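The values are calculated or read from the model by the stated rules, or taken from the named source; none is laboratory data. The structure presented is a predicted model; accordingly, all values stated were derived computationally and were not measured. Cβ atoms come from the backbone with ideal geometry, glycine included; neighbour counts cover every protein chain shown. Just so you know, the surface numbers come from the protein's heavy atoms only, side chains and all, with ligands and any DNA or RNA stripped out. Shrake-Rupley method; radii C 1.70, N 1.55, O 1.52, S 1.80 Å.
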Amino acid sequence: MGKLDLDPQVVGKARRLAERAAEPIIEMARTHTTVSVERAQLRLAGLSGADSDGRPWVNHLVDAVRDQVGLEHGVALPVWDALRRESYADLSALAQAAALGAVTFRLPSGDDAA
């Protein structure tokens, strides 16, 4: 027994039950996202700044991805695919082009997704 004098078998059972109880929540988190989460992801990737009206570039980019392919799979895959496929210098250039409607986003598959 440890410092709290807890039965190790009871502790083990409690941990297994907690893991089982958490499974549906973890699965939901893996398969659901929000606009805020996706914007935060782009900010963490280094996208900052805003257009001349003060609208953040992350908003432009997330909105363009959402409108074209949805957010069910997040923004990372379609955004990095567009960066690679269309040879934009960085996220800022991609966001500026997306704001003008000049970028086509897709959900790549197969080798392209890898």
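At-a-glance table
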{"quantity": "So Gln41, is it of a type in the set (S, T, N, Q), free of Cβ contacts under 8 Å to residues at least 24 places away in the same chain and open to solvent by 60 Å² or more (accessible area, probe 1.4 Å)", "calculated": "no"}
{"quantity": "Residues of the range 91-100 classified as in contact (Cβ under 8 Å) with a residue 24 or more places away in the chain and outside any helix (DSSP H, G or I), total", "calculated": "0"}
{"quantity": "Selection count where residues are open to solvent by 60 Å² or more (accessible area, probe 1.4 Å) and closer than 23 Å to Leu44 by Cβ, scope the range 95-105", "calculated": "1"}
{"quantity": "Criterion violated by Arg84 - all others in (1) among the charged types (D, E, K, R); (2) closer than 30 Å to Ala113 by Cβ; (3) in contact (Cβ under 8 Å) with a residue 12 or more places away in the chain satisfied", "calculated": "(3)"}
{"quantity": "Flag if Ser92 is at pLDDT 95 or above, open to solvent by 30 Å² or more (accessible area, probe 1.4 Å) and of a type in the set (S, T, N, Q)", "calculated": "yes"}
{"quantity": "Contacts under 9 angstrom Cβ, first residue in the range 20-38 being under 19 Å from Val75 (Cα atoms), partner β-branched (Val, Ile, Thr) and in a loop (DSSP other than H, G, I, E, B), 6 or more apart", "calculated": "Thr33/Val75; Glu38/Val75"}
{"quantity": "Test: residue in the range 55-77 that is part of a helix (DSSP H, G or I), under 21 Å from the mean Cα position of the chain (by Cα), surrounded by 14 or more Cβ atoms within 10 Å (Cβ to Cβ) and modelled with pLDDT under 95", "calculated": "yes"}
{"quantity": "Tally of residues being modelled with pLDDT under 95 and of a type in the set (Ser, Thr, Tyr) across the range 19-54", "calculated": "4"}
